[in-house]
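Engineer: My questions all concern the structure below.
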Amino acid sequence: MLAGDSQGERIGRAVELVREQWAPIVLVSSTGKLFDTSEGDLAIDWAVNRGAPREWFVLVAHNADSTQEECVALETECRRRGIKKLLLVTSDFHTRRARRILQRVAPQLDIRSVGSATASYDPDSWWKSRSSRKVWLMETTKTVADFLGI
């Protein structure tokens, strides 16, 4: 599960996948600290407080500040654990770019992207709300930047 979710949407989707036996564990990418607590620890605590067993989660702590760097950290952890197949959980608007980056970083992995719904983004009518337009513009900009190697 990629970092960057403050509403529980990504971790909630990852928990569903483990409950449905699509995956045995959740690698929780964690990029930093919020009020002296890592983002990943906050996400794991959120899921545990809603009934998920703590042993389902593995914190993958790093200092990445981009999806590219985050994917490198995840690839390292997958290699260390001997993981060959991965369900990449991220926000629905981010699945295509994140999967493309992870495939470039980890061509040995069999990767499937799984999107979580995002309250601030409606893919069917993104142009109708300011928050959806902002999400669309940021993701489009990042996609173009990635394509250009920026």
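Engineer: Quick check: is even one residue across segment 124-136 aliphatic (A, V, I, L, M), assigned to a helix (DSSP H, G or I) and outside the structural domain of GLN68 (by TED's automatic domain parsing)?
Structural biologist: Looking only at segment 124-136, we keep the residues that are aliphatic (A, V, I, L, M), and these are 135.
In the following step, the residues that additionally are assigned to a helix (DSSP H, G or I) were identified as 135.
Next, from what is left, pick out any that are outside the structural domain of GLN68 (by TED's automatic domain parsing): 135.
Checking segment 124-136: at least one residue is aliphatic (A, V, I, L, M), assigned to a helix (DSSP H, G or I) and outside the structural domain of GLN68 (by TED's automatic domain parsing).
Engineer: I've got another one for you. Yes or no: segment 122-132 includes at least one residue that is buried (at least 18 other Cβ atoms within 10 Å of the Cβ), more than 24 Å from VAL26 (Cα to Cα) and either in contact (Cβ under 8 Å) with a residue 12 or more places away in the chain or in contact with a strand residue (DSSP E or B) (Cβ under 6 Å, 6 or more places away or on another chain) (or both).
Structural biologist: yes
The rows are residues; the columns are (1) touching a helix residue (DSSP H, G or I) at 6+ places or on another chain (Cβ under 8 Å); (2) farther than 29 Å from LYS142 by Cα; (3) among the charged types (D, E, K, R).
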site: VAL26; (1), (2), (3): yes, no, no
site: PHE35; (1), (2), (3): no, no, no
site: SER38; (1), (2), (3): no, no, no
site: TRP46; (1), (2), (3): yes, no, no
site: ALA52; (1), (2), (3): yes, yes, no
site: VAL60; (1), (2), (3): yes, no, no
site: GLU75; (1), (2), (3): yes, no, yes
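Engineer: Okay, moving on. Between residues in segment 1-23 that are aromatic (Phe, Trp, Tyr) and residues that are in a helix (DSSP H, G or I), which pairs lie under 7 Å by C-beta distance while being six or more apart or on different chains?
Structural biologist: none
Engineer: Which of the residues spanning segment 19-38 are aliphatic (A, V, I, L, M) and either closer than 19 Å to ASP92 by Cβ or not assigned by TED's automatic domain parsing to the domain that holds THR67 (or both)?
Structural biologist: Here is the first cut: in segment 19-38, the ones aliphatic (A, V, I, L, M) are 23, 25-28, 34.
ALA23, VAL26, VAL28, listed by residue number.
Engineer: Still on this structure, I have one more. Out of all the residues in segment 106-140, which are in contact with a helix residue (DSSP H, G or I) (Cβ under 7 Å, 6 or more places away or on another chain) and among the acidic types (Asp, Glu)?
Structural biologist: Residues satisfying the conditions are ASP122, GLU139.
Engineer: What tally of residues in segment 94-117 results from selecting those that are in contact with a Ser or Thr (Cβ under 6 Å, 6 or more places away or on another chain) and hydrophobic (A, V, I, L, M, F, W, C)?
Structural biologist: 2
Engineer: Filtering segment 4-26 down to residues that are surrounded by 23 or more Cβ atoms within 10 Å (Cβ to Cβ) and hydrophobic (A, V, I, L, M, F, W, C), which residue is nearest to GLY82 (Cα to Cα)?
Structural biologist: VAL26
The values are calculated or read from the model by the stated rules, or taken from the named source; none is laboratory data. Note that the coordinates shown come from a computational prediction; the quantities given were computed from them, not determined experimentally. All Cβ positions, glycine included, derive from the backbone under ideal geometry; neighbour counts span all protein chains shown.
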